[in-house]
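Everything below concerns the one structure shown next.
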Amino acid sequence: MPLSITPEERQKYIEQIQDFRLIDDTFFHACFHNDKRCMELVIRIILDKPKLKILRMHTQEEIPNLYGRSVRFDVFAQDADGTEYNIEVQRNDDGADPHRARYNASLLDTMNVPSGADWKQLPRTIVIFITENDVIGGGLPLYHIHRTIDELDGKQFGDDAEIIYVNGKIKNETMLGWLMHDFFCRNPVEMHYKLLAERANFFKSNEHGVNNMCRIMEKIEKEGFAKGVAETTLKIIRNQLKRHIPYEEISEVTETPIDEVIRIAKESNLAY
């Protein structure tokens, strides 16, 4: 499918693509989309399980929540033993807040509780955050978090739920250190792991890969613009509601259906 962008826009995107790293959300999703081998490599190194086998995986998996906020997982994966994973890359410390890890873990469980199921049938779950900074602050490459029992000297609770933080700051001469080097490397030639280097190089140098990245970036740019327009309209509606402008007039000025104006008024406690 031909690109719908101008040569100037394509050149702008290409320059941005050359600056991408695997820790960058957009590039991570592109490189790991439908690529079990790359995902296996990452999880094997983090868990120190060289024979681990991924059976299925999805990138940008939308996890609905009927009672609250839904979440889009960076990666959902399941291995041959039935363990389920949520892998997140986070450059922003706030995005790797412990409460976010807790919430993601809970949504993994909601995916596996059919009516009448035995609770013991819940699979083991592991939420993995790969972070640009040392979010936990202990100066270690890895942090493993489990529920423990205070009154039994920290004995593990045994609920088969685990959270792992990977500290991207540590790029030492270990397999994990090399992996973190590759996640923060802009030039595929300088990467340690051939699988990751080949995948990154495809989207940075191959014509088909570059065009695919350009389409992704164009879509993100358009969606971001549309979101900005929507947020601007919402701000105008709320400001007019505060001034008690008639609903019909707000609807006409903002080109928003009157039912939507009334809904916004109620949700914002500005109805009259």
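So, restricting to helices (runs of 4 or more DSSP H) that lie completely within segment 1-116, which ones have at least 3 residues that are surrounded by fewer than 20 Cβ atoms within 10 Å (Cβ to Cβ), under 20 Å from the mean Cα position of the chain (by Cα) and modelled with pLDDT under 95?
So the answer is 25-32, 98-110.
Here is a yes/no grid of residues against (1) in the same structural domain as residue 45 (by TED's automatic domain parsing); (2) of a type outside the set (Ser, Thr, Tyr); (3) touching a residue at least 24 places away in the same chain (Cβ under 8 Å); (4) in contact with a Cys (Cβ under 8 Å, 6 or more places away or on another chain):
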| residue | (1), (2), (3), (4) |
| --- | --- |
| 151 | yes, yes, no, no |
| 154 | yes, yes, no, no |
| 159 | yes, yes, no, no |
| 164 | yes, yes, yes, no |
| 169 | yes, yes, yes, no |
| 192 | no, yes, no, no |
| 218 | no, yes, yes, no |
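Quick check on this structure: which one of 145, 87 is in contact with a strand residue (DSSP E or B) (Cβ under 7 Å, 6 or more places away or on another chain) and either over 23 Å from residue 29 (Cα atoms) or acidic (Asp, Glu) (or both)?
Going through 145, 87 in turn, just one is in contact with a strand residue (DSSP E or B) (Cβ under 7 Å, 6 or more places away or on another chain) and either over 23 Å from residue 29 (Cα atoms) or acidic (Asp, Glu) (or both): 145.
Any chance segment 227-246 includes a residue that's assigned to a helix (DSSP H, G or I) and closer than 21 Å to residue 29 by Cβ?
Yes, segment 227-246 contains at least one residue that is assigned to a helix (DSSP H, G or I) and closer than 21 Å to residue 29 by Cβ.
Quick one: in segment 151-204, which of the residues that are of a type in the set (Val, Ile, Thr) and outside any strand (DSSP E or B) is farthest from residue 28 (Cα to Cα)? Lay out the reasoning, then the answer.
Taking segment 151-204 as the starting set, the residues that turn out to be of a type in the set (Val, Ile, Thr) are 163-164, 166, 170, 174, 189.
Okay, now just the ones that are also outside any strand (DSSP E or B), so 170, 174, 189.
Values: 170: 19, 174: 22, 189: 17 Å.
Checked segment 151-204; the qualifying residue farthest from residue 28 (Cα to Cα) is 174.
Within segment 219-228, identify whether any single residue is surrounded by 17 or more Cβ atoms within 10 Å (Cβ to Cβ) and within 19 Å of the chain's Cα centre (by Cα), and answer yes or no.
Scanning segment 219-228, I find no residue that is surrounded by 17 or more Cβ atoms within 10 Å (Cβ to Cβ) and within 19 Å of the chain's Cα centre (by Cα), so the answer is no.
Mind telling me which of the residues 187, 201 ends up being among the polar types (S, T, N, Q), at pLDDT 95 or above, closer than 28 Å to residue 44 by Cβ and loosely packed, with under 14 Cβ neighbours inside 10 Å?
Values: 201 fails: loosely packed, with under 14 Cβ neighbours inside 10 Å.
After applying the criteria, what remains is 187.
Return the residue satisfying two criteria in turn: it lies in segment 1-39 and is in contact with a helix residue (DSSP H, G or I) (Cβ under 8 Å, 6 or more places away or on another chain) and among the β-branched types (Val, Ile, Thr), and of such residues it is nearest to residue 179 (Cα to Cα).
23
Here's a check for you: in segment 251-271, which residue that is more than 16 Å from residue 236 (Cβ to Cβ) and assigned to a loop (DSSP other than H, G, I, E, B) is modelled with the lowest pLDDT? Spell out how you get there, then give the answer.
Step one: of segment 251-271, the residues more than 16 Å from residue 236 (Cβ to Cβ) are 259, 266, 269, 271.
Within this subset, residues satisfying the condition of being assigned to a loop (DSSP other than H, G, I, E, B) are 269, 271.
Working: 269: 84, 271: 87.
Applying the filter and picking the extreme gives 269.
The values are calculated or read from the model by the stated rules, or taken from the named source; none is laboratory data. Nothing here was measured: the structure is a model prediction, and the numbers come from that model. All Cβ positions, glycine included, derive from the backbone under ideal geometry; neighbour counts span all protein chains shown.
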